[in-house]
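To start, the structure under review is shown below, and the notes come after it.
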Amino acid sequence: MKALTALVISMAFAAFVAAAAQQQPAKAWTQPRTPDGQPDLQGIWTNYTSTPFEVPDSGDKPDFYAGDVDGTGRGTGPSSFLTDTSDRKLTKAKSLVVDPPTGRVPIMPWAEEVRNYRLTHIQDDWVNFTPWERCITRGVPGGIFPAGYGSGYQILQGPGYVAIVYEMIHEARMIPVDGRPHLGPSFRLWNGDSRGRWDGNTLVVDITGYNDKGTVATNVATQRVRAIPQSEQLHAVERFTRVDENTIDYEVTIEDPKVFTSPWKVAMPLHREPDYQLFEYACHEGNRAVPNTLSAGRARDRK
Amino acid sequence: MNWLKGGLIALVSIAGTLAVSQMMRPPVEGRAPDVNVPRTAGGKPDLNGIWQAVGSANWNLLDHQARSGPVLELGAVLAVPAGLTVVDGNEIPYQPWAAARQKENYENWLSRDPEVKCYLPGIPRATYMPYPFQILQTADNDILMAYEYASASRVIKMGRVQPPPVDTWMGQSAGHWEGDTLVVDTTGLNDQTWFDRAGNFHSEALHVVERLTPVSQDVLDYQATIEDPKVFTRPWKMQMPLYRRQDKRAQLLEVKCVEFVEELMYGALRKKTGNEPKFSAARLRWP
């Protein structure tokens, strides 16, 4: 009977501890872990925010950056019925670009010229579209900058891997966290080559091996930075830190000495939204924007 | 204390019975079960890894002999490999109109196969494309299948799911375990994808039930039952092994094929500057 008595006593103690815990103020949130010990970032996350990408400047030409290059109202933004209009703003920053402190990306003038050429010659060739409009990719890290719609991300974790499923263009980004080295220099990739590691509870992802055909930012919400070219020297470091049950603080530092005069940083939260449904974004399969824009250009040439 | 002992004995014997029944689960057709397959902490087979079908089902699900490829100048390169059928009875039970359509599809392969345009492959074709795919299985048994081809992917929701709100290229997949077999039920597929490069096709009424069973550490038995009352006279089944990629550094690489088809799809609409790539006139022959 001794064992039984001990059991009864320990059960009573457990009930007492549970009751005491309930009376205490909200307990500090603790980072949940997967069975193999990784900090658990899993779930469905969204990134919508109405905070601008950069701090606006009086010299900005928002309509031009959005694709309305001749003042006729022609742009390439998404239809309004698709757009996320929730009024979710950052509280501590005026822009998603947090470094430099001006909130302005340090773009070299030649790169702005390339962007301007692309925006004004979009009817000439598909290479003047961003990779997103070509339905290749929104890029890494660009794929996680808010686009205003298609804002869902699902993080799944298994042994040695963190996977991020991007709603936009249905990409599943497989990030190894097993310490393997980067791919060799023969690989020049649209999304670069991601290698992850855990720094405490933070997932740190190092990305190199980019091609020079992509752009760091592809969507209209990134305004002046959209369609800015990238070089093969692009290097990005992302940090994902879950700070409470419903928030991941996301940060990325971007450097490309051929394009930017100094490294710059974006910081923004990802919000847990378990009921958000990711839809298939079969982009290329229904891409009429590229052929219609080009054929409009050829029709114009014939005039 | 006797009641406690009795209870313990009962518990132990239940556990023992469970263990024995686990071992005695009926084997996959024609194969002895392997009790050494890797398992998750929860006891389910651990399917994590990079897998690939080896064979030429993507060329043709049915028996097919080798033949020349469609571009004369390529000679023996990119010729069509020979392959044995993966379909039960080597027959796809088309309704008469659909048999005629399949033949027409085959004859017009290059202009009709969605793979030529880098479109999403659909289910089950994604599985046996000539590229690897990765299964990521979480501790909660949510399962991601990421395909190298075209950055296609699907998350298999475990348990009950709501009916899919719209038809899509990759459909909606719901999974459950039957013993050591992962059963994946996929609906909500559109009518745009094919089964192979031989023009085998389906309608939006397609319903696919896949069964993945580990038969050893490095081999999965893959079966898919295909049901589509608009196109076939009865359900039919395909079966093939999937092999674990053993390469030490195996990883999914980037195959963003959209870039490879832009010239094909939009080339005639490009503004001529004199700097565009030059193409020789290749001689096509197909079928």
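Structure notes:
- Qualifying residue in the stretch A:268-279 (condition: within 11 Å of another protein chain (Cβ to nearest Cβ) and either under 21 Å from B:CYS257 (Cα atoms) or buried (at least 17 other Cβ atoms within 10 Å of the Cβ) (or both)): yes
- Of the residues examined, B:LYS237 is one that is touching a helix residue (DSSP H, G or I) at 6+ places or on another chain (Cβ under 6 Å), away from chain A (no Cβ under 11 Å) and among the basic types (Lys, Arg).
- Screening A:ALA282 on (1) more than 10 Å from chain B (Cβ to nearest Cβ); (2) under 24 Å from A:ARG134 (Cα atoms); (3) surrounded by 15 or more Cβ atoms within 10 Å (Cβ to Cβ) shows it passes everything except condition (1).
- Criterion: within 9 Å of chain B (Cβ to nearest Cβ) and buried (at least 21 other Cβ atoms within 10 Å of the Cβ) - qualifying residue of A:ILE175, A:ILE169, A:ILE164: A:ILE169
- When the stretch B:139-156 is filtered for residues that are within 7 Å of chain A (Cβ to nearest Cβ) and either at positive phi or in contact with a strand residue (DSSP E or B) (Cβ under 7 Å, 6 or more places away or on another chain) (or both), the ones remaining, listed by number, are B:ASP142, B:LEU144, B:ALA146, B:SER151, B:SER153, B:VAL155.
- Some residue of the stretch B:205-214 being within 14 Å of another protein chain (Cβ to nearest Cβ) and either assigned to a loop (DSSP other than H, G, I, E, B) or more than 17 Å from the chain's Cα centre (by Cα) (or both): no
- Look at the stretch B:148-173: where a residue is closer than 15 Å to B:VAL184 by Cβ and a partner is modelled with pLDDT of 95 or more and among the basic types (Lys, Arg), sitting 6+ places away or on another chain with Cβ atoms under 9 Å, you get B:MET170/B:ARG154; B:GLY171/B:ARG154; B:GLN172/B:ARG154; B:SER173/B:ARG154.
- Every residue from the stretch B:231-262 that is in contact with an Asp or Glu (Cβ under 8 Å, 6 or more places away or on another chain) and loosely packed, with under 13 Cβ neighbours inside 10 Å: B:GLN246, B:LEU253
- Exactly one residue among A:ASP193, A:ASP206 is among the acidic types (Asp, Glu) and surrounded by fewer than 20 Cβ atoms within 10 Å (Cβ to Cβ), and that residue is A:ASP206.
- In summary, strands (runs of 3 or more DSSP E) completely within the stretch A:224-289 and bearing 2 or more residues that are of a type outside the set (Val, Ile, Thr) and touching a helix residue (DSSP H, G or I) at 6+ places or on another chain (Cβ under 9 Å) occur at A:264-272.
- For A:ASP99, the conditions (1) away from chain B (no Cβ under 13 Å); (2) under 15 Å from the mean Cα position of the chain (by Cα) all hold with the exception of (2).
- Residues located in the stretch B:215-256, provided they are outside any strand (DSSP E or B) and charged (D, E, K, R): B:ASP218, B:ASP228, B:LYS230, B:ARG234, B:ARG245, B:ASP247, B:LYS248, B:ARG249, B:GLU254, B:LYS256
- No other residue among B:GLU73, B:GLU107, B:GLU115 is among the charged types (D, E, K, R) and modelled with pLDDT under 95 apart from B:GLU73.
- Pair list, Cβ < 9 Å and 6+ apart or interchain, from the stretch B:64-79 residues that are more than 17 Å from B:VAL116 (Cβ to Cβ) to residues that are assigned to a helix (DSSP H, G or I) and of a type in the set (A, V, I, L, M, F, W, C): B:SER68/B:LEU74
- Filter pass, B:ALA205 being hydrophobic (A, V, I, L, M, F, W, C), touching a residue at least 60 places away in the same chain (Cβ under 8 Å) and more than 30 Å from A:ARG298 (Cα to Cα): no
- Any chance A:PRO181 is within 29 Å of A:PRO274 (Cβ to Cβ), within 10 Å of chain B (Cβ to nearest Cβ) and surrounded by fewer than 21 Cβ atoms within 10 Å (Cβ to Cβ): no
- Residue within the stretch A:121-128 that is within 18 Å of A:PHE279 (Cβ to Cβ), part of a loop (DSSP other than H, G, I, E, B) and charged (D, E, K, R) present: no
- The set of residues from the stretch A:197-213 being within 18 Å of A:TYR250 (Cβ to Cβ) and not in a loop (DSSP other than H, G, I, E, B) comprises A:ARG197, A:TRP198, A:ASP199, A:THR202, A:LEU203, A:VAL204, A:VAL205, A:ASP206, A:ILE207.
- Scanning the stretch B:113-161 for residues being basic (Lys, Arg) and surrounded by fewer than 21 Cβ atoms within 10 Å (Cβ to Cβ) gives a total of 3.
- Candidates in the stretch B:162-185 are the residues that are of a type in the set (D, E, K, R) and in a strand (DSSP E or B); of these, the one that is surrounded by the most Cβ atoms within 10 Å (Cβ to Cβ) is B:ASP185.
- Residue ID - farthest from B:ALA152 (Cα to Cα), chosen from residues in the stretch B:248-267 that are of a type in the set (Lys, Arg) and at the interface with chain A (Cβ under 9 Å from one of its Cβ atoms): B:ARG249
- Restricting attention to the stretch B:92-132, the residues that are more than 10 Å from chain A (Cβ to nearest Cβ) and either hydroxyl-bearing (Ser, Thr, Tyr) or not in a helix (DSSP H, G or I) (or both) add up to 18.
- Set B:GLY199, B:GLY188: member being within 14 Å of chain A (Cβ to nearest Cβ), crowded, with 17+ Cβ neighbours inside 10 Å, at positive phi and at pLDDT 95 or above: B:GLY188
- Under the condition of being among the basic types (Lys, Arg) and surrounded by fewer than 23 Cβ atoms within 10 Å (Cβ to Cβ), the residues counted in the stretch A:223-266 number 4.
- Annotation: B:VAL77 fulfils all but one of (1) in contact with a Gly (Cβ under 9 Å, 6 or more places away or on another chain); (2) surrounded by 14 or more Cβ atoms within 10 Å (Cβ to Cβ); the unmet one is (2).
The values are calculated or read from the model by the stated rules, or taken from the named source; none is laboratory data. Since this is a predicted model, take the numbers as computed values, not measurements. In this analysis, Cβ positions are derived from the backbone assuming ideal geometry, glycine residues included, and neighbour counts consider all displayed protein chains.
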